[in-house]
1. With contacts defined as alpha carbon pairs under 8 Å and 6 or more residues apart, what's the relative contact order of the chain in percent?
2. Between Lys670 and Asn635, what is the spin-label point distance in nm, taking each point 7 Å from the Cα along the Cα→C-beta axis?
3. For Lys302 and Asp541, compute 0.36 nm times the residue count separating them, minus their Cα-Cα distance, and round to one decimal in nm.
4. What length, rounded to one decimal in nm, is gained on full extension from Lys57 through to Leu126, with 0.36 nm per residue of separation minus their alpha-carbon distance?
5. Dipole size in debye (nearest 20) for the chain around its Cα centre, Lys and Arg Cβ +1, Asp and Glu Cβ -1?
6. Compute the whole-percent fraction of alpha carbon pairs in the stretch 457-710 spaced more than 30 Å apart.
7. Please give the FRET efficiency for Arg86 paired with Thr400, using the beta carbon to beta carbon distance and R0 = 41 Å, rounded to the nearest 0.05.
8. Report the charge-dipole magnitude of the stretch 217-373 in Debye, nearest 20, computed about the Cα centre from +1 at each Lys and Arg Cβ and -1 at each Asp and Glu Cβ.
Amino acid sequence: MKHRSIVLLAFFVGFQLFAQKTELTLEDANYMNRELYPVRISNLNWMDKGNYYTYEKDNSIYIVSAKRKTENLILDMDVLNGDLHRNNIDSVKKLPGIKFYDKDNCRFRINHDYYSYSLSTNKIELSNSIEKEAANVTPNKHNNNIAYTIKNNLFVAVNGEKIQITSDENPGIVNGQSVHRNEFGINGGIFWSPDGNRIAFYRMDETMVEDYPIVNINTDIATVENIKYPMTGRTSHEVTLGIYDIVSGTTVFMKTGKPVDQYLTTITWGPDGKFMYISLLNRDQNHLRLNKYDAVTGDLVKTLFEEKDDKYVEPETPLYFNPLNHSQFIWLSERSGFTHMYLYDTEGNLLNQLSNGNWLVSEFKGFYGNKNQKAYFMATKDGFLQNNLYSIDLNSLEITRITPEHGTHGVKISTDGKYVIDAYSNTESSRKYVLLDAKGKTLRTLKEPNTSLDDYNLGETKLLMLNSDDGTPLQARIILPPNFDETKKYPVFLYVYGGPHAQLITDSWLSGAGLWLNYMAAKGYIVFTLDNRGSAKRGRDFEQAIFRNCGSVEVDDQMVGVDYLKSLPYVDADRIGVDGWSYGGFMTISLMLKKPGVFKVACAGGPVIDWKYYEVMYGERYMDTPQTNPEGFKNSSLLNYVDKLDGRLLIIHGTSDPTVVWQNSLQFIKKCVDKGKMVDYFVYPGHKHNVRGKDRVHLYRKIEQYFRDYL
């Protein structure tokens, strides 16, 4: 009897420990529970002078010596509001974003006003102001001037005085904003000169582009809000680059010439402000010319070099000039098959290929050091699932890894390069902050990872490598349900994206899966993901495998994953479902139609249906045009496979989607009606590309319910 009591006690204790595990909710999966967030250090910045950094905590800012570890409160709400009151400025309820330049001087913004602040004198001075309608706000780093846009025109504020730079009345002409639909690494349209006295800006003429209707249902009678959406093979916009001189009040445009529908990329000022460098990319996106222009006259000085590729060239970064030698710059290129660094002079002579190998440079971080100058960069050198910081000696070309731990890193480097703040995660840990020296030695931990998720009932995540039909290694990830029993049969939730510029599986927190996929695993699914050919971080040839025939090799690669799943004794091969959004929505329906009978259930969000309905820059890079590649467009159009539909398919679309326009899925629904095929459809009124905010919980619930009902 005593032995039995001990056994029962052990059982109940074990059961109690198990029962203490918390189940993920849909709100958790949408990151609405902040207790599950990876840790974050707010307002973290290195000072421009000295090896000090600042950070914000509880509405207070602290200054820390990297060398001595000393930490002091430098500013809090009471002090700031006291000084604001003394300077006749309204108090604030929350600290604004504050940038310290040294221990005494900083700048900050409150609403539309910009201030400089001296802590030693308690003096706060208004340095500049902009209108409340201002957008694309771009302050100059070296003075108080601020460039911005209002609607489609460009302005600059100089000492509080508003200067209107452009005066285009036609809304189809847009100044100072991002162009080419944010492709080619373009995320803005304002470029300050080194001395802060001139502004280069994009001018985009879209008047020749056809209007595309977006319906606004929030008015009493629905209204049309037209956008400019140049579709593949149709008329594109025309872009030029102007330079405005604040002193003279004049504007000159760079003489970039014809054809007018070329792409202007990698906009870079020369260090002395005399020259402007622009990469001109033809509309076919297979021929790039890096041009040097006179910034005063706009005249072409010379073409420094050209890059060509049978498929496409994709410039995504500016030129990085050497601060100790202004006649040299680093250029990032995929010409070798992987993105690497090339050292050029300003006459266009290739001085050296700095990096090489079957790995890629993901980001250039800058030049540091005085005598033995080094360049710092992020790269996949130690594994394509990782992203580490490295330095390279520009003379010896010796590469040194700085971040010591495996994983995915985000870094802030001190102004003299002596210290690195490293925020990283990996497959074993959520985000952690550490301070490193220039050689990668960990000096101390700044913030430990959040371990709250350890209290949740999650399944095991495994990474595995499979091979495509041609032997190409493909990375895959599988998440098992909690309390997994290999003697049981489980349904599969296959999550897919599959397109360029995305890598779903990484050496990072939860292996890149996030909480949503872990939630689905907790609901009893085996959750599977595979990065097929066409996805990112594996080099040029891996991505270009989809060229002119999207939805072909990607499907073949995904089926390698499906075949692997079917080989597992605990997978129910009759209950495999697939889910994806955007390119993943295109892939979801491609898999459903091109491999009929394999997938019992599918959910496709914001899917591209026919690439002729997609925009010029992205669509033509990977597919060319309907006129030059009719066979490829025919093969990739999902409208041509509707009669193959077998199983339950749910399509979801935002009615105001400006990226994958609503017409895509509506055309598919129409084709299903024509063919007598049953399909489920759900829209999110007013939402754009994907469903954001609180409504995302509704989206997750819709998907989860659909798979629960039919899989």
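No value in this document is a laboratory result; all are computed from the given coordinates. Since this is a predicted model, take the numbers as computed values, not measurements. FYI the Cβ positions are ideal-geometry reconstructions off the backbone, even for glycines, and counts take in every protein chain you see.
1. Relative contact order of the chain: 8 percent.
2. In this crude label model, Lys670 to Asn635 measures out at 2.7 nm.
3. That pair, Lys302 and Asp541, stretches by 82.9 nm at full extension.
4. Details: separation 69, 0.36 × 69 = 24.84 nm, distance 2.57 nm.
Additional length available on full extension: 22.3 nm.
5. For the chain, the charge dipole is close to 1400 debye.
6. 22 percent
7. Given R0 = 41 Å and the Cβ-Cβ separation, E is 0.25.
8. 260 debye
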